[in-house]
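Here the structure is laid out as structure tokens; the discussion comes afterwards.
The values are calculated or read from the model by the stated rules, or taken from the named source; none is laboratory data. In this text, all values refer to a predicted model and were calculated from it rather than measured experimentally. Backbone-built Cβ (ideal geometry, glycine too); neighbour counts: all protein chains shown.
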Amino acid sequence: MTRQEAEILLKRIFKLPTFYDEQWQTIEHILNGERVLLIEKTGFGKSLCFQFPATVFKGTTVIFSPLIALMRDQIKKLQSLGIAAKCINSEQSIEENAQIISDAKSGKIKILYIAPERQENSEWIEATQQMDLSMIVVDEAHCISVWGHDFRPSFQRIINLVKLLPKGMPVLATTATATKRVENDIAAQIGEGITIIRGNLLRNNFKLFVVKVNSEDEKLIWLGKNIEKLSDRTGGTGILYTGTRVDTEIYSKWFNYLNISSTSYNAGLDTDSRVAIENGLMSNQWKCIISTNALGMGIDKSDIRFIIHTQIPQSPIHYYQEIGRAGRDGKPAYIILFYNPNEDRKLPEAFIEGGRPTIRKYEKVINVVKTGLFGEREIIKQTNLKSNEFRVIKADLIEQKIVRESIYGKTKKYEFIPDSQALNTKTFEELRAAKIADLEKMIEYVETDDSRMKFLCDYLGDNSNHIFTNCDNTSEKKIQVVVTEEWSEKLQDFRENYFPELVVETRGSNMVNGVAASYYGVSNVGNAIHRSKYEKCGDFPDFLLKLALKAFRKNFDNELFDLILYVPPTKSGNLVKNFAEKLSNFLKIPISHGLQKTRETSEQKIFENTYNKSENVKDAFIYTKPNDIVGKKILLFDDICDSKATIKEIGKYLTNLGAEKIVPIVIAKTVGGDIV
Amino acid sequence: MNRETAYWMALEHEWICSNAIGNGKIDKMNMVIRFLHEKKISMTDFFQLSNDEWKNEFEITDEQIIKLEQVKKSVPNYAFLAETLQSNGIEVIPIVSSEYSKTLKENLKKSAPLILYIKGNKQIMQENSIAIVGSRDASDIALQFTDNIAKRASKEWKVVISGFAKGVDKQSLDSSIAYKGQSIIVLPQGIMTFESGFKTYYKQIIDGDVLVLSTYHPKAGWAKELAMARNAIIYGLAKEIYAAESKPSKNRQGKETKGGTYAGVMDGLKKGRTIYVRKPDYAEQNDNNLLINSGAIPVDFNGNIAPVIYGSDNDALPMVSEPSINKKNFPEIIKDILLDYKYGLTTQDILKKISSDWKPDKLTKELGKLPFIEKIKKNNKNYFILKDMEPQTLFNYNESLY
């Protein structure tokens, strides 16, 4: 097919006039049955490079994409053009997916998007046996590479698949962000005779700023003051990226307090909420969405007008990827990065350092899989590892071909691979060194006096000679943070009235979400609790009581309770009991001492994962006069809430005894990694 | 696994063998030998060729081209399946691989499967091996014999081949494991349907003591036909074959048959394999003596070759050699021999197979008189072939390929 012929089809099917040169170059190779790696910036039109040939081919094109939001988005567009496109993903019902699989088998689907994890599903593999397959696409191909910013173990199987595909079967891998090293890695993995097509990466419409601050307060205040203005000035909406989920919550509550139209998003939300927020983003429902970096990848919104980071990402490539979501329409977009030189290195450093468990823990896992065939849960229980530690270890051991993840029925089991090499820790050190070097580069970006765009392009291997004038080091004015007394007071008031929610609602339990007086590590609360519990400094101090009463009143002031119960302690004597008595006294709710332990439990903090924590407290509680509970509304108190396993167990127990409602209240809620 | 794996799988499972005796299989093997061995062209390159090239350069018939096109079309589908196998630790070993069992190749020749699906220590396919076969409802004495043979195998570092059926098969595997020996489980089903077995034998597999092997489509469920066909693989994988007990059994229609062991041993004997059969006690109700009388070698309870005692036991006749040939039984004997050799035999070949003092010239002359026999010339030699068998291929089989 000539370009001219193709463009006639392009007009007819996609309603587009012409291809860009690089698009046509890619498509030509694909139509020839070749393999291509295409590196182009976000918004270039990479999708057309597989969507167009997919409509020309007779059979079905399969696109492996890790991003459900992107799938949804592209399918909507393709369907509006009358192209039979569908996706299979975990957010659709089983029946829906089954129907799509059946349509794919009978050749009714031209373009099929699936998540790489689907390769583990036997119904899907069954379907692939009957489909007429014409092309395979690996979207977000940087996920293949451990040297990339978003390595995903599930892509390993896609690479294995690509290696097994016959000659003449076109394969397209696409990414917007790949350094030279990642590019080489992808090309080597996809293999033999691959053509690499790389476009330029500069984004001239970006206005890049770095704001150096001395505290978290300065960030909150500047944003409180300016975010609405920014939205009004640009006439659009934007995204505020925070480093952690807790920060997402805090910034979101801060904006609520200031009546700024915003909402928060993170990967832990349920599907419906996520879809609702994504839709709201598309229709500019809020001035700003506060999110972890889970939002935005693959969302095809061309007019995101600003992207602000309250934390430096781990590397310039993470940063480029995240800001790449702004201003795809070519109109100006504000890109602002906050950096507190005293504090902000810690978080990315913790990600890098904490990302890899100790070698001893790797050995523990290897020893367990050598003794028998177990699933994740069983291994976590036997090794007493944290779930996320196990996942890191598992991914590394699979990558090093020491352990294999096999599917038995619907469950995954981990097999030891006989005669495998010993654990290679050298790779870990290399990776760590590379990540530290990347972080240094990110800090260099903050500190540079030269063009910031050029810095990013150079880093990504696009050595353009373009003269950039689009940052606060070139022609834009620098942003200064001015803290006024009025704003300091506002922030203080906010902090004193902000209480974290305890999300504990589960099916089959009458326990509802409760409240914590504070986060454990964010203020002096954690220290105060620690002193009383472990340094024999007497009862919990009164400021904690005030805080707890305030938290209660703010959330449950209008509710009537029949009883206060408290969690019987494992070690710390009467601290919790005494505190509960004080609460009872102030709130005028009768206290009961009837909740007791049926057996000795261990301190929850020695268990690293939810499985072991839940097991530790399972059926461990009893209420001496069960009839007193029937139909009662109960306030349940404990000092610290970590995994919530204890509170949930008691909630379940009291529900079974006939309690009408149980509300938990604690002094402090921990955040992942707090040392209690 | 590599890019050719999916081609091998597609070739094995999508090339539909049209006639019942599986002659298509031999055609397929001949084709593979032709392009891989004679023309030295890779699997990938072979499938890149046009129909004309297939036809002109590889003498592939129109009917075969249809089959090849079906194979080619399904390769991407098999790539998906191959990836699933790979991720579950299952390997696909093609016949051209040095990892393929040499014993199997030598024994089955062109009937050897194109690929083996395996999981476990594949090295044990290259070791000395024995198969202990026998009835599903074997007697205690047969099971004890099986245990003895497995114990001895373990001592002598021989691998035990087990068909994973009830009775003798299961006993041979259990004993082999108990004596810390090595075993190959030959499945009567596709390898992906053996999940529970992989769980049960996890430890033995990772310790390198068990290899699981199947020659069927990975997703094929258990079927009687597959179980019967699997016997050929068990015999083929073994250097030595011991039969513990052959008992009659009833088929689905309730009719009594000689059973799988009997059929398997007889087939093995016909193909010239040496098979040891446990010499039964007088009171035993089984067909072991029948097998011994058909040419199997009797062995005692410990597997030692048993001296044949002539005496009052009428069942325990001495090993009977094949009846001496005479003009009367000649046609039947020749027909019987040639049925197994569809590519024909030379006079010398036939002479070796019959018990006779005839000279080659006489045999050639007598063969020429038989109406159902055809003489064809190949490599300057005369071959005798049954007339109603498939025509000879032009290909000259060369065993050194493997």
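What strands (runs of 3 or more DSSP E), lying completely within region B:236-305, carry at least 2 residues that are farther than 28 Å from B:Thr215 by Cβ? Before you say what the answer is, go through the steps one by one.
On the way: elements: B:240-245, B:275-278, B:297-299.
Those strands (runs of 3 or more DSSP E) span B:297-299.
With the condition kept exactly as written, say whether any residue in region B:226-233 is in contact with a Ser or Thr (Cβ under 7 Å, 6 or more places away or on another chain) and away from every other protein chain (no Cβ under 14 Å). Talk me through it step by step, then tell me what you get.
Taking region B:226-233 and keeping what is in contact with a Ser or Thr (Cβ under 7 Å, 6 or more places away or on another chain), we get B:233.
Next, from what is left, pick out any that are away from every other protein chain (no Cβ under 14 Å): B:233.
Within region B:226-233, one or more residues are in contact with a Ser or Thr (Cβ under 7 Å, 6 or more places away or on another chain) and away from every other protein chain (no Cβ under 14 Å).
This table checks each residue for (1) in a strand (DSSP E or B); (2) exposed (fewer than 14 other Cβ atoms within 10 Å of the Cβ); (3) out of contact with any strand residue (DSSP E or B) (no Cβ under 8 Å at 6 or more places or on another chain); (4) not assigned by TED's automatic domain parsing to the domain that holds B:Glu14.
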residue: B:Val71; (1), (2), (3), (4): no, no, yes, no
residue: B:Ala79; (1), (2), (3), (4): no, no, yes, no
residue: B:Ala82; (1), (2), (3), (4): no, no, no, no
residue: B:Thr103; (1), (2), (3), (4): no, no, no, yes
residue: B:Lys109; (1), (2), (3), (4): no, no, yes, yes
residue: B:Leu116; (1), (2), (3), (4): yes, no, no, yes
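If only one of B:Val277, B:Val299, B:Val210 is more than 14 Å from the chain's Cα centre (by Cα), within 14 Å of chain A (Cβ to nearest Cβ) and not hydroxyl-bearing (Ser, Thr, Tyr), which one is it?
Working: B:Val277 fails: within 14 Å of chain A (Cβ to nearest Cβ); B:Val299 fails: within 14 Å of chain A (Cβ to nearest Cβ).
Residue meeting the stated conditions: B:Val210.
If the requirement is being of a type in the set (Lys, Arg), within 14 Å of chain A (Cβ to nearest Cβ) and farther than 30 Å from B:Tyr202 by Cβ, which of these qualifies: B:Lys73, B:Lys28, B:Lys55, B:Lys67? Steps first, answer last, please.
Details: B:Lys28 fails: within 14 Å of chain A (Cβ to nearest Cβ); B:Lys55 fails: within 14 Å of chain A (Cβ to nearest Cβ); B:Lys67 fails: within 14 Å of chain A (Cβ to nearest Cβ).
Step by step, each of B:Lys73, B:Lys28, B:Lys55, B:Lys67 is checked, and only B:Lys73 is of a type in the set (Lys, Arg), within 14 Å of chain A (Cβ to nearest Cβ) and farther than 30 Å from B:Tyr202 by Cβ.
Being among the small types (Gly, Ala, Ser), within 9 Å of another protein chain (Cβ to nearest Cβ) and in contact with a Leu (Cβ under 9 Å, 6 or more places away or on another chain) is the filter here; which residues of region B:88-122 pass it? Let's see the steps before the verdict.
Of the residues in region B:88-122, the ones among the small types (Gly, Ala, Ser) are B:89, B:97-98, B:101, B:111-112, B:120.
Add one more test, that the residue is within 9 Å of another protein chain (Cβ to nearest Cβ), and what stays is B:89, B:120.
Within region B:88-122, B:Gly120 is the sole residue that qualifies.
Can you list residue pairs whose Cβ atoms sit under 6 Å apart, with the first residue in region A:359-385 being away from chain B (no Cβ under 14 Å) and the second being of a type in the set (Phe, Trp, Tyr) and in a helix (DSSP H, G or I)? Count only pairs 6 or more apart in sequence or on different chains.
Once the first residue is away from chain B (no Cβ under 14 Å) and sits in region A:359-385, its partners that are of a type in the set (Phe, Trp, Tyr) and in a helix (DSSP H, G or I) give A:Arg377/A:Tyr611; A:Ile380/A:Phe390; A:Ile380/A:Tyr611; A:Lys381/A:Tyr611.
Could you say whether any residue in region B:161-181 is under 19 Å from the mean Cα position of the chain (by Cα) and assigned to a strand (DSSP E or B)?
Looking for residues that are under 19 Å from the mean Cα position of the chain (by Cα) and assigned to a strand (DSSP E or B), one finds at least one in region B:161-181, hence yes.
Since A:Gly327 meets every condition but one in (1) at negative phi; (2) crowded, with 19+ Cβ neighbours inside 10 Å, which condition does it not meet?
So the condition that A:Gly327 fails would be (1).
Restricting attention to region B:135-168, and to residues there that are closer than 18 Å to B:Gly208 by Cβ and among the polar types (S, T, N, Q), which single residue is surrounded by the most Cβ atoms within 10 Å (Cβ to Cβ)?
It comes out as B:Ser162.
Please work out which residue is surrounded by the most Cβ atoms within 10 Å (Cβ to Cβ), limiting yourself to region A:167-192 and to residues that are over 26 Å from the mean Cα position of the chain (by Cα) and aliphatic (A, V, I, L, M).
Here the answer is A:Leu172.
Considering only region B:327-340, state which residues are assigned to a loop (DSSP other than H, G, I, E, B) and in contact (Cβ under 8 Å) with a residue 40 or more places away in the chain. Before the answer, list the steps.
Keep residues of region B:327-340 that are assigned to a loop (DSSP other than H, G, I, E, B), which gives B:327-329, B:340.
Listed by number, the list holds a single entry, B:Asp340.
Can you find even one residue in region B:147-156 that is closer than 22 Å to B:Thr274 by Cα, hydroxyl-bearing (Ser, Thr, Tyr) and within 23 Å of the chain's Cα centre (by Cα)?
No, the conditions are met nowhere in region B:147-156.
Any residue in region A:625-636 that is under 17 Å from A:Val504 (Cα atoms) and in contact with a Ser or Thr (Cβ under 7 Å, 6 or more places away or on another chain)? I'd like the intermediate steps shown before the answer.
Initial filter on region A:625-636 (under 17 Å from A:Val504 (Cα atoms)): A:633-636.
Of the ones still in play, those that are also in contact with a Ser or Thr (Cβ under 7 Å, 6 or more places away or on another chain) are none.
Looking through region A:625-636, none of the residues is under 17 Å from A:Val504 (Cα atoms) and in contact with a Ser or Thr (Cβ under 7 Å, 6 or more places away or on another chain).
Which residues, taken from region B:28-55, are at pLDDT below 90 and exposed (fewer than 13 other Cβ atoms within 10 Å of the Cβ)?
Listed by number, the residues that qualify are B:Lys39, B:Lys40.
Exactly one of (1) more than 14 Å from every other protein chain (Cβ to nearest Cβ); (2) over 17 Å from A:Ala141 (Cβ atoms); (3) among the hydrophobic types (A, V, I, L, M, F, W, C); (4) in contact (Cβ under 8 Å) with a residue 24 or more places away in the chain is unmet by A:Ile94. Its number?
(4)
Of all the strands (runs of 3 or more DSSP E) wholly in region A:105-219, which have at least 2 residues that are within 14 Å of chain B (Cβ to nearest Cβ) and of a type in the set (A, V, I, L, M)? Working first, answer last.
Numbers: elements: A:111-114, A:133-138, A:171-175, A:195-198, A:206-212.
Answer list for region A:105-219: A:111-114, A:133-138.
(1) within 14 Å of another protein chain (Cβ to nearest Cβ); (2) modelled with pLDDT of 95 or more: which one isn't true of B:Leu187, the others all being true?
Result: B:Leu187 passes all but (1).
Looking only at region A:602-628, filter to residues that are hydroxyl-bearing (Ser, Thr, Tyr) and modelled with pLDDT under 80; which one of those is nearest to A:Lys669 (Cα to Cα)?
From region A:602-628, those hydroxyl-bearing (Ser, Thr, Tyr) are A:602, A:610-611, A:614, A:623-624; that's our starting set.
Those still in the list that are modelled with pLDDT under 80 too: A:602, A:610-611.
On the way: A:Ser602: 20, A:Thr610: 16, A:Tyr611: 19 Å.
Here the answer is A:Thr610.
When A:Ile100 is evaluated against the numbered criteria (1) surrounded by 19 or more Cβ atoms within 10 Å (Cβ to Cβ); (2) away from chain B (no Cβ under 14 Å); (3) touching a residue at least 24 places away in the same chain (Cβ under 8 Å); (4) not basic (Lys, Arg), which criterion, by number, is the only one it fails?
So A:Ile100 meets the others, but not (3).
For region A:551-609, how many residues meet the condition of being outside any loop (DSSP other than H, G, I, E, B) and in contact with a strand residue (DSSP E or B) (Cβ under 8 Å, 6 or more places away or on another chain)? Give the steps one after another, and end with the answer.
From region A:551-609, those outside any loop (DSSP other than H, G, I, E, B) are A:551-556, A:563-566, A:575-587, A:591, A:595-597, A:604-606; that's our starting set.
Right, trim to in contact with a strand residue (DSSP E or B) (Cβ under 8 Å, 6 or more places away or on another chain) and you get A:551-552, A:554-556, A:563-566, A:575-577, A:579-581, A:583-584, A:587, A:591, A:595-597.
Selection size over region A:551-609: 22.
Within the bounds of region A:593-609, is there any residue that is over 24 Å from A:Phe540 (Cβ atoms), in contact with a helix residue (DSSP H, G or I) (Cβ under 6 Å, 6 or more places away or on another chain), free of Cβ contacts under 8 Å to residues at least 60 places away in the same chain and crowded, with 17+ Cβ neighbours inside 10 Å?
No, region A:593-609 has no match at all.
Run down B:Glu245, B:Glu256 and say which single residue is in the same structural domain as B:Lys271 (by TED's automatic domain parsing), under 18 Å from B:Ser135 (Cβ atoms) and surrounded by fewer than 22 Cβ atoms within 10 Å (Cβ to Cβ). Working first, answer last.
Numbers: B:Glu245 fails: surrounded by fewer than 22 Cβ atoms within 10 Å (Cβ to Cβ).
Result: B:Glu256 is the single residue among B:Glu245, B:Glu256 that is in the same structural domain as B:Lys271 (by TED's automatic domain parsing), under 18 Å from B:Ser135 (Cβ atoms) and surrounded by fewer than 22 Cβ atoms within 10 Å (Cβ to Cβ).
So that you can scan it fast, the table gives a plain yes or no per residue for (1) within 14 Å of another protein chain (Cβ to nearest Cβ); (2) closer than 14 Å to A:Gln314 by Cβ; (3) of a type in the set (Asp, Glu); (4) without any contact (Cβ under 8 Å) to a residue 12 or more places away in the chain:
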site	(1), (2), (3), (4)
A:Glu415	yes, no, yes, no
A:Ala433	no, yes, no, yes
A:Asn465	no, no, no, yes
A:Phe468	no, no, no, no
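Considering only residues that are farther than 14 Å from B:Ile385 by Cα and either touching a residue at least 60 places away in the same chain (Cβ under 8 Å) or not charged (D, E, K, R) (or both), which ones fall in region B:349-362? Before you say what the answer is, go through the steps one by one.
Step one: list which residues in region B:349-362 are farther than 14 Å from B:Ile385 by Cα, which gives B:351-362.
Selection gives B:Leu351, B:Ile354, B:Ser355, B:Ser356, B:Trp358, B:Pro360.
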